[in-house]
Every structure is written in structure tokens, then in C-alpha cells.
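Everything on this sheet refers to the single structure shown next.
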Amino acid sequence: MSITTQIFWLFILAMVVASITWTVTQEELFKEWREYCQERCDSCKSLPKRKFFYVFTCEYCFSHWMTILILLLTGFQLLIEDWRGYILAFFAIPWLANQLMSIYRRLRVDIKHEDALATEVKKRIEN
């Protein structure tokens, strides 16, 4: 696979990982599940159980588990066509996915800020 194709697939797979990770760890669709996991994470006495439930509340941690799943499904290797390519992909995909999620979070904050400013200006005009 050419380097250009690999970079293309790296971005596509990172977007998939970012999308799934963001949805599970941030959006309302899984809010009850996250609250349950947070409660179990706080209340479990066993370290492995606490860590298992923590994964569903942490976008950074969850992105690595999603990357493992994506790599198993796609067989994507980065730069090297053996086990080392999987290792490189395992670190590159979640890194890029987390960068994309940071950009998305910043964009959402900016949009909410502008909406709040627009609402404030509208109220001033009406008064």
C-alpha cells in the first residue's frame, strides 16, 4: 500500500474511532450507561472492575479500545507490513482521533459561545 493510501486510511480510521468514542463517552445517547459506569467505577472494590467501568467514561482510554477493534476488523498496518505496522497504527490512530475530538470540542464550545452572544444581543434589541 502506498504511503498516500496509508495516510488516507489513517485519517479515515481515526475519524471512525473518534466518532464512536465521542458518541459513547460524550453524547446523550449513552448518558445513562456512562452514569452507571461512573457509579460502578466509584463504588467497586476490585481494581479490575473499576478500570473496566472507567474505560467507558474516558474518551482517551476508550479510543484505544476502539482502535484495537478497528485494527482487528480492518487489518490496517502503518508503514511496515508485519506486527510492527499494527503497533504503529495502534498508537497513531488514537492519537489522531483524540486530536480530532479536541478540535470538535473546541468547535462546539465556540458555537455555544456565539449562540449565547446572539441570544444576549437579541434580548438587548428587544428591550
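The values are calculated or read from the model by the stated rules, or taken from the named source; none is laboratory data. What you see is a predicted model, and the numbers here were worked out from it, not measured in a lab. FYI the Cβ positions are ideal-geometry reconstructions off the backbone, even for glycines, and counts take in every protein chain you see.
Return only the number of the condition from (1) within 23 Å of Leu107 (Cβ to Cβ); (2) of a type outside the set (Phe, Trp, Tyr); (3) touching a helix residue (DSSP H, G or I) at 6+ places or on another chain (Cβ under 8 Å); (4) part of a helix (DSSP H, G or I) that Leu71 does not satisfy.
(1)
Going through the stretch 47-56 one residue at a time, which ones are aliphatic (A, V, I, L, M) and exposed (fewer than 14 other Cβ atoms within 10 Å of the Cβ)?
If the condition is that a residue be aliphatic (A, V, I, L, M) and exposed (fewer than 14 other Cβ atoms within 10 Å of the Cβ), then Leu47 is the only one that fits.
Can you name every residue in the stretch 32-54 that is over 20 Å from Asn98 (Cα atoms), out of contact with any Cys (no Cβ under 9 Å at 6 or more places or on another chain), basic (Lys, Arg) and assigned to a helix (DSSP H, G or I)?
Arg40
I want to confirm something. Restricting to the stretch 75-127 and keeping residues that are among the aliphatic types (A, V, I, L, M) and assigned to a loop (DSSP other than H, G, I, E, B), which single residue is farthest from Phe11 (Cα to Cα)?
At the first step, the residues of the stretch 75-127 found to be among the aliphatic types (A, V, I, L, M) are 78-80, 87-89, 92-93, 96-97, 100-101, 103, 107, 109, 111, 116-118, 121, 125.
Of the ones still in play, those that are also assigned to a loop (DSSP other than H, G, I, E, B) are 78-80.
Details: Leu78: 12, Leu79: 14, Ile80: 17 Å.
Across the stretch 75-127, the extreme among qualifying residues is Ile80.
Looking only at residues that are among the charged types (D, E, K, R) and modelled with pLDDT of 90 or more in the stretch 91-109, which one is surrounded by the most Cβ atoms within 10 Å (Cβ to Cβ)? Explain how you work it out, then say what you get.
So the first thing to find is which residues in the stretch 91-109 are among the charged types (D, E, K, R), and the list is 105-106, 108.
With the extra rule that they be modelled with pLDDT of 90 or more, the set shrinks to 105-106.
Values: Arg105: 13, Arg106: 10.
Step by step, filter the stretch 91-109, then rank; the result is Arg105.
All but one of (1) under 23 Å from Leu107 (Cβ atoms); (2) polar (S, T, N, Q); (3) part of a helix (DSSP H, G or I) hold for Thr57; state the number of the condition that does not hold.
(3)
Any residue in the stretch 73-93 that's touching a residue at least 12 places away in the same chain (Cβ under 8 Å): show its pairings with residues that are assigned to a helix (DSSP H, G or I) and of a type in the set (Phe, Trp, Tyr) at Cβ separation under 7 Å, as long as the two are six or more apart or on different chains.
The qualifying pairs are Phe76/Trp9; Gln77/Tyr86.
Identify, please: which residue in the stretch 57-90 is among the charged types (D, E, K, R) and either over 18 Å from Val24 (Cβ atoms) or touching a Pro at 6+ places or on another chain (Cβ under 8 Å) (or both) and is, among those, surrounded by the most Cβ atoms within 10 Å (Cβ to Cβ)?
Result: Arg84.
Is the stretch 14-31 home to any residue that is of a type in the set (S, T, N, Q), part of a loop (DSSP other than H, G, I, E, B) and crowded, with 16+ Cβ neighbours inside 10 Å?
no
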